[in-house]
Every structure is written in C-alpha cells, then in structure tokens.
Amino acid sequence: MDREKLIVPNQIGYLILKEDGAVLESGGELKNDERSANVIMGLLNLTESIDESFMPNSSCERITIDYEQHYYSICMSNRRIYIVKISKSQNGGAATTTTTTSSSSSNSVYNDASDSGAVLA
C-alpha cells in the first residue's frame, strides 16, 4: 500500500517520529526533513511544560499549525508522532497554532503575524 496516500487526502508530506524525535518514515515535501522534526519536537516539549494551573490536564490530542496554503497536523498514537503537511485552498495569512486538550473542548490559540513563515512554512 502506498504510504503517500495512506494518511489523509490532500497531504503533501508526512513524518513519522519515535517519541525521542528520531525519524522513522517520511515522504513528500517532508522527506528526510530533520529540521522540521526538531522544530515539532520542541513544540511538543513546550506543550508538556504548560503550567497545570493555567491549563488543567494539558495533555494534547492534536496540534495544528495553520498557514495560508497548507497546514500541519500533529498527533501521537501508539508511541509514535505523526506529522502530516496538508494542502488547502487560500483562507488566511498568519501562522496559527491550535492545541486541543483531551479533557475538555477548550482550545488555546497562538497567532504570530510577524513571524508567519519562520518555523515550518
């Protein structure tokens, strides 16, 4: 089965990481992209350090990083980290990070219009 089409429709790249950030598989625009893997691991480590009094039960189910032409969807399952770069139609500009918590439907959103392409675009 073709892994490039296995994960989601409209994907343009993917990374599958071990818990320590080592790349297990990659493809498309993220093929052998160690830099993106390191940036995403830093983001995941940051989410684990959120103060419980600020956001109780802050274990994330999914993180989405949203850009004008594409977005990254990041989730963890079976001790693996799945990162998918997905193409979309033109809907907006600045980078947006959305964190969905497992205990409630509350979301925290980070917008940074001044640095919209510096991380993963």
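The values are calculated or read from the model by the stated rules, or taken from the named source; none is laboratory data. Keep in mind the model is a prediction, meaning the values are calculated, not measured. For neighbour counting, all protein chains shown are included, and Cβ atoms are generated from backbone atoms with ideal geometry for every residue, glycine included. For accessibility, only protein heavy atoms count, side chains too; no ligands or nucleic acids. Shrake-Rupley method; radii C 1.70, N 1.55, O 1.52, S 1.80 Å.
So here's what we get for this one:
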quantity	calculated
Matching residues, region 27-43, being polar (S, T, N, Q) and more than 14 Å from the chain's Cα centre (by Cα)	N32
Strands (runs of 3 or more DSSP E) lying entirely in region 15-104 (those with 2 or more residues that are of a type in the set (A, V, I, L, M, F, W, C) and at pLDDT 75 or above)	23-28, 60-66, 70-77, 80-87
Inter-residue pairs, beta-carbon under 6 Å, first farther than 19 Å from L46 by Cα and in region 68-83, second open to solvent by 20 Å² or more (accessible area, probe 1.4 Å) and in a strand (DSSP E or B), 6+ apart	H70/S87; Y71/T64
